Every structure is written in structure tokens, then in C-alpha cells.
Amino acid sequence: MDKVSVNAISVDRLAKRFEDVQAVADASFEVLQGELFGFLGPNGAGKTTTINMLTGLARPDAGTVRISGIDCTQNPKAAQHLTGVVPDESNLYPELTGFDNLCFCAALYGMNKKKRKARARELLETFGLAQAADRKFAGYSKGMKRKLTIAAGIIHDPTILFLDEPTTGIDVASARQIRQLIADLHQAGTTILLTTHYIEEAERLCGRIAFIVQGRIVRIDTVGNLLQPIQERHVMQLAVSNPDFSLHDKLAEAFPNQIFKTLPGGLIRVEAGEPIRVGPLVRLLEEQGAEVNEARRVQPSLEDVFVKITGIEAAAMRKEKEKKGGGGL
Amino acid sequence: MKWWIAFWNILVKDMRSYYLKPPNISWGLIFPLAWTGMFFIKSGSGLEGVLSMLPGVVVVSILFGTTSMLSVTVTFEKKGKSFDRLLLAPISLELLMLAKTSGAILFGAANAFIPIILAAFLTDLSQAVWSAAVPAIFLLAVTSTFLGLFIAVSVSEVFEAQTFSNFFRFPMVFLCGLFFPIERLPVFLRPLSYVLPPTYGADILQGAFGAGNALPMPIDFVLLIVFSTGLFLLSLRNIRRRWII
């Protein structure tokens with residue numbers, strides 16, 4: 001079997017420009033069959049544009065797209081029977097019931113009446129929406145709408161699923177449930193390309209991750225490989241009362257092998273290449289009139305890797321998340 | 001892929017969701033009846049005038065029945081992104097748009113028969129040439145629907161679709177020779193009449209209902225087919241250029 005047939009998705013030097021904005025530039029990546037691949041980046045990074053080009057909703061300016069070995073660059077319809085798409089906005093028909101929406105989506109893939117009814121019932125049950133099957137989609141909550149939109153995306157049992165920001169803007173409980181459903185689909189063998197701006201979500205679900213910033217893929221690797229260099233670092237966080245503005249400089253002067261960062265809420269983050277000795281740190285801080293309330297070791301996360309590679313503060317991404325109204329972990 | 005399942009379900013969904021809803025019936029049916037009633041009263045003729053008015057009311061019913069909803073619903077679905085769901089389905093764009101327009105074609109054609117049924121109670125239709133009238137009604141419905149589609153894919157907002165529809169519809173009603181014969185129009189307006197598809201449909205219907213047609217019927221039919229094909233292809237081109245960007 002050649003390389004192309006093993007890859008569920010192969011993208012080579014894909015590019016898209018909207019007037020004076022380069023939405024996607026020279027993007028190349030491959031997603032293996034059965035893989036859960038994450039596309040991580042802030043809003044406007046080019047995640048949705050990339051998905052649109054892969055699924056036929058946008059025309060690439062340059063580059064090639066292969067889905068299951070089929071060249072879809074010129075004819076995006078060629079592989080649409082293999083793919084399912086869950087867009088970033090729930091786009092089902094407000095005037096139809098949940099059940100009718102699923103049956104209609106199944107019909108678009110040529111499923112006969114008996115099969116589509118059975119599949120719709122099965123998915124409504126799986127997604128916990130059986131009670132709301134006969135209610136109009138317009139009356140669903142945001143979380144229910146997202147779940148039904150995911151159900152519509154997999155109604156025809158696609159081998160490749162594109163999930164665009166599936167947990168954005170919904171409540172915590174629904175977001176958790178959706179993450180579990182994504183994990184179950186992956187377990188069942190579906191290839192998934194997941195875009196998200198939730199770093200923790202990507203870390204928890206994905207095998208490999210691509211960081212995308214301003215239309216460019218800046219790094220692709222497995223979560224383990226991405227975390228490895230940073231896991232060799234030692235990180236500690238101190239909670240301090242009455243911190244002085246000059247504390248940071250004094251700590252840096254006294255402990256030159258350690259990196260200090262003052263965080264909001266009286267927190268001081270300490271990072272070093274070797275184990276951090278807490279005693280001398282606490283003593284120095286107390287000599288300076290600060291009271292140390294807590295000292296705890298912090299496990300380095302993908303967030304640290306993301307910040308290091310992209311230079312984008314995770315706090316800024318979180319603000320976007322809050323603005324969109326939830327979806328926390 | 002059983003494409004006919006997708007085709008049939010798109011058609012049925014649109015019929016249920018849009019065309020068989022009371023607001024559409026009122027706009028697509030009552031408005032043309034009121035419009036024609038106004039001309040009927042103004043003409044001062046009795047029941048014998050019904051037959052001469054019939055082609056007009058049929059054409060206006062088709063025109064408003066087809067374009068009133070299609071241009072708005074396609075724009076609405078595009079705006080709400082539910083149209084993307086159709087574009088993601090493994091069916092060709094041609095088939096998809098035929099499915100989306102079939103509901104409007106059927107509704108427009110059905111609309112046309114309501115004034116004909118009413119007229120049958122008021123006047124003698126035994127002399128009508130149905131072999132010309134029925135295909136003309138169908139072709140007029142197809143052409144008007146594709147005009148509605150062309151409008152829908154030329155705008156971005158629902159209100160633009162409504163405004164743009166009227167920009168086409170009202171001049172058509174006045175210029176297609178239904179209420180004012182083309183030869184009585186100012187000379188500079190006459191060429192405009194001949195680039196409007198309803199002119200040819202109205203001409204066939206006037207011939208079919210005994211008022212006499214200006215052009216040979218085969219030419220009218222050919223021109224209606226040319227207009228339908230042209231508008232459909234132009235709409236597909238616009239969808240590919242504007243919606244799959």
C-alpha cells in the first residue's frame with residue numbers, strides 16, 4: 001500500500017487569500033487513517049478556511065487536497081460521500097424537528113427511508129436527545145443544537161469527520177459530553193480532524209496537533225513530542241500575600257538559574273532546568289516582607305508549548321473562549 | 001449513491017417548509033388575483049372579458065408564485081448556512097439546484113390552474129388549446145423559477161432578494177404584453193419587451209385562449225427553453241463564483 005492510500009487526508013502547499021488577508025499559506029499536513037488530528041490556533045488563524053477547502057466549501061488558490069487517496073482539488077464532490085462535516089455554527093433547519101433534521105441529512109446521502117429512520121433514532125438515543133426528537137430544532141438549547149449537529153455530521157457513518165470548534169459557546173456539561181462522544185467516535189475508528197482554540201481540549205483528545213497562526217502551520221507533532229522538551233523543565237508556583245513590585249528583580253538576582261514570572265492574583269511562577277529548592281525562595285520572600293501561603297509544583301502543559309512556539313498568550317485565547325460563552329473543561 | 005432519494009427529499013422538505021405555508025399562498029395567489037381584478041373592473045367589460053383577462057392572471061400567478069418564495073428562501077438558507085449542508089452532500093450542483101427549484105416550479109404551475117378553474121365557472125373554456133396552454137404554463141413556471149434563482153444567487157441579504165425580485169417582476173407585468181399590447185407601447189420600450197421571458201409565455205397563452213398570438217408558437221416555446229437554460233446556467237455559474245469562494 002502506498003503512502004497516499006494510507007493517509008486519510010493529504011494536504012500539500014494549500015493556500016487561500018481573501019482580498020488582502022492571507023487566510024491560509026503554504027499549509028501541508030497529513031492525517032493518518034483512524035487518527036484524531038488537532039488543528040489548534042486562535043480565532044482567525046485559518047482553521048475554518050482550511051476545513052472549508054478540504055470539504056469543498058471553498059476553492060484553494062494553490063495546493064492539492066487528497067481525501068482517502070482521491071484528488072479533490074478540482075472536484076471536491078469526488079470524496080464527499082466519505083466525509084462528514086460538523087461546522088462551527090449549528091446549521092440545521094430550525095423549522096424541522098430533531099428527528100426530521102437527521103432523516104433529511106441522511107437522505108442527502110442516499111439512505112433509504114427505513115435505514116435513515118433507524119439511524120436517526122439510534123443517534124438521538126446516543127446523544128441523549130431522544131426526549132427532544134419531536135421538538136423543533138429552533139427550540140433546542142445551544143448544547144442540544146451542537147449535539148444534533150454532530151449527529152447530523154455522522155448520520156451516514158463517514159470514515160472521515162471534520163469537526164470545527166465543536167465545543168465553542170456551550171455549557172460545561174454539554175462540552176464534556178461532546179468530548180466523550182468525540183473520543184468514542186475515534187475509538188470506533190473514525191478519522192477525525194478537530195479544530196479548536198481550547199488547548200486543553202486538543203491535549204486531551206488529539207494524538208497529533210498542528211499549531212496554526214495567521215494562516216501558517218508553525219509546528220506539527222504528537223502531543224508527547226510537543227510536551228517532551230518542556231516536561232524536562234521544573235515549574236513551581238508560589239502564592240504570595242503583600243507582594244512587592246521589586247520582588248521579581250530581587251529573586252532574579254538571587255537565583256540567576258531560575259526564571260521568574262509574576263502572575264495576576266499574587267502568584268509567582270518559577271521555572272528551572274533542575275529541581276527547585278523551595279526553602280531559599282521562601283526565606284528570601286519572607287525577608288522582603290512577603291508572606292508565602294502556598295508553594296506547589298506545576299505540571300508543564302501543552303499551553304506552555306503553545307505559548308513558547310507561537311508567542312500567543314493562552315490567556316488571550318481564553319478571553320476569546322469566555323467571549324463566546326463557555327465550553328470550559 | 002441513490003441521487004433520487006436526495007432529490008426527492010429536498011423537494012418534499014421545501015414544499016412542506018415553504019411553498020405550502022399560508023403566507024406564500026397569500027402572496028403567490030391572492031396578490032395576482034387582486035391585481036387582475038383591478039384591471040378587470042377598470043376595463044368595464046362583463047363576464048365575456050374573463051377570457052381575455054385569463055392569460056394575464058395566469059402569467060402573473062406563475063411569476064409571483066415562483067419568484068416570491070424561492071429567491072427569499074435560498075438567500076435565507078445561505079445566510080443561515082443550512083445551504084452549506086446541501087453543498088456538502090455528495091450530489092452534483094446541477095441536481096441540487098434542480099431539486100431546490102422543483103418545488104417552486106410545481107407551486108407556480110399549480111398556482112396557474114387556480115384562476116383557470118375559477119374561470120371555468122364563469123366562462124366557456126371549451127375552445128382553449130390545452131396542448132399549447134399546459135406546456136406553456138410549465139415552461140413559464142420553469143423560466144420564472146430560474147429567474148427567482150438568479151435573483152437569489154445575485155444577492156446576499158433576504159431584503160435585497162425581495163427588492164431585487166420586484167425590480168424584475170413589476171416591469172415584466174407591464175411590458176410583456178398582457179395588459180398593454182406590445183404594439184401600443186412606446187417604440188423605445190418594445191425591444192425591452194422582447195428580452196423578457198413572460199412575453200413569450202403570455203403570447204402562447206393568448207393564442208391558446210383565443211385572443212391571438214403575435215409570434216408562431218414554436219418560436220415562443222424555443223425562446224422560453226433558451227431563457228430557462230440560460231438563467232439556470234447563469235445561476236450555477238454565480239453559485240460557483242460567489243458561494244464556493
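Details
- From the list A:L82, A:L92, A:L54, A:L96, the one residue that fits, being crowded, with 23+ Cβ neighbours inside 10 Å, farther than 23 Å from A:E200 by Cβ and over 21 Å from the mean Cα position of the chain (by Cα), is A:L92.
- Restricting the stretch B:190-245 to residues that are of a type in the set (S, T, N, Q) and in a helix (DSSP H, G or I), the residue that is nearest to B:W130 (Cα to Cα): B:Q206
- Selection of first residues in the stretch A:50-74 that are under 18 Å from A:E35 (Cβ atoms) and of second residues that are among the polar types (S, T, N, Q), restricted to Cβ pairs under 6 Å at least 6 apart or on distinct chains, gives the following pairs, ordered by first then second residue: A:V65/A:T73; A:R66/A:S10; A:G69/A:S5.
- Candidates A:L163, A:L238, A:L193, A:L181: the one that is touching a residue at least 40 places away in the same chain (Cβ under 8 Å), more than 26 Å from A:T49 (Cα to Cα) and not charged (D, E, K, R) is A:L238.
- Residues that are surrounded by 18 or more Cβ atoms within 10 Å (Cβ to Cβ) and under 16 Å from B:P55 (Cα atoms) do occur in the stretch B:144-155, at least one of them.
- Candidate set: the stretch B:155-189, residues that are in a loop (DSSP other than H, G, I, E, B) and at pLDDT 85 or above; chosen: the one nearest to the chain's Cα centre (by Cα): B:L185
- Given (1) in a helix (DSSP H, G or I); (2) small (G, A, S); (3) under 21 Å from A:Q299 (Cβ atoms), index of the condition A:A239 fails: (1)
- Condition met for A:T73 (out of contact with any His (no Cβ under 8 Å at 6 or more places or on another chain), of a type in the set (S, T, Y) and more than 8 Å from chain B (Cβ to nearest Cβ)): yes
- Yes/no for A:A152 being modelled with pLDDT of 95 or more, in contact with a Lys or Arg (Cβ under 7 Å, 6 or more places away or on another chain) and not assigned by TED's automatic domain parsing to the domain that holds A:T49: no
- Checked across the stretch A:118-131, the condition of being buried (at least 16 other Cβ atoms within 10 Å of the Cβ), over 19 Å from A:D12 (Cα atoms) and basic (K, R) holds for at least one residue.
- Screening the candidates A:G44, A:G98 for the property of being at positive phi and more than 10 Å from chain B (Cβ to nearest Cβ) yields one hit, A:G44.
- Listed by position, the strands (runs of 3 or more DSSP E) enclosed by the stretch A:251-298 that each have at least 2 residues that are surrounded by 14 or more Cβ atoms within 10 Å (Cβ to Cβ) and without any contact (Cβ under 8 Å) to a residue 24 or more places away in the chain are A:258-263.
- The residue that is nearest to B:I10 (Cα to Cα), counting only those in the stretch A:76-95 that are more than 8 Å from chain B (Cβ to nearest Cβ), in a loop (DSSP other than H, G, I, E, B) and touching a residue at least 60 places away in the same chain (Cβ under 8 Å), is A:L82.
- Condition check for B:A99: within 14 Å of chain A (Cβ to nearest Cβ), assigned to a loop (DSSP other than H, G, I, E, B), buried (at least 19 other Cβ atoms within 10 Å of the Cβ) and touching a Leu at 6+ places or on another chain (Cβ under 6 Å): no
- Cβ-Cβ under 9 Å pairs, at least 6 apart or on other chains, the stretch B:2-21 side within 9 Å of chain A (Cβ to nearest Cβ) and within 13 Å of B:L98 (Cβ to Cβ), far side among the β-branched types (V, I, T) and not in a helix (DSSP H, G or I): B:W3/B:I91; B:A6/B:I91; B:I10/B:I91
- Of all residues in the stretch A:158-178, those satisfying the criterion of being in contact with a strand residue (DSSP E or B) (Cβ under 8 Å, 6 or more places away or on another chain) and of a type in the set (D, E, K, R) are A:D164, A:E165.
- If the condition is being of a type in the set (G, A, S) and either surrounded by 21 or more Cβ atoms within 10 Å (Cβ to Cβ) or touching a strand residue (DSSP E or B) at 6+ places or on another chain (Cβ under 6 Å) (or both), then the stretch B:68-81 contributes B:S68, B:S71.
- Residue that is nearest to A:Q80 (Cα to Cα), among those in the stretch B:77-90 that are more than 7 Å from every other protein chain (Cβ to nearest Cβ) and touching a Phe, Trp or Tyr at 6+ places or on another chain (Cβ under 9 Å): B:F83
- The test for being farther than 21 Å from A:E303 by Cβ and without any contact (Cβ under 8 Å) to a residue 60 or more places away in the chain holds for A:F137.
- Unmet requirement for B:S131, which otherwise passes all of (1) away from chain A (no Cβ under 14 Å); (2) among the polar types (S, T, N, Q); (3) within 30 Å of A:K77 (Cα to Cα): (3)
- Residue check, A:A152 surrounded by 22 or more Cβ atoms within 10 Å (Cβ to Cβ), in contact (Cβ under 8 Å) with a residue 24 or more places away in the chain, in a helix (DSSP H, G or I) and within 17 Å of the chain's Cα centre (by Cα): no
- Just one of the listed residues (A:D221, A:D304) is within 36 Å of the chain's Cα centre (by Cα), closer than 30 Å to A:L205 by Cα and in the same structural domain as A:G63 (by TED's automatic domain parsing), and it is A:D221.
The values are calculated or read from the model by the stated rules, or taken from the named source; none is laboratory data. As the structure is a prediction and not an experimental result, all values here were calculated from the model. Cβ sites come from the backbone with ideal geometry, for glycine too, and all protein chains shown count toward neighbours.
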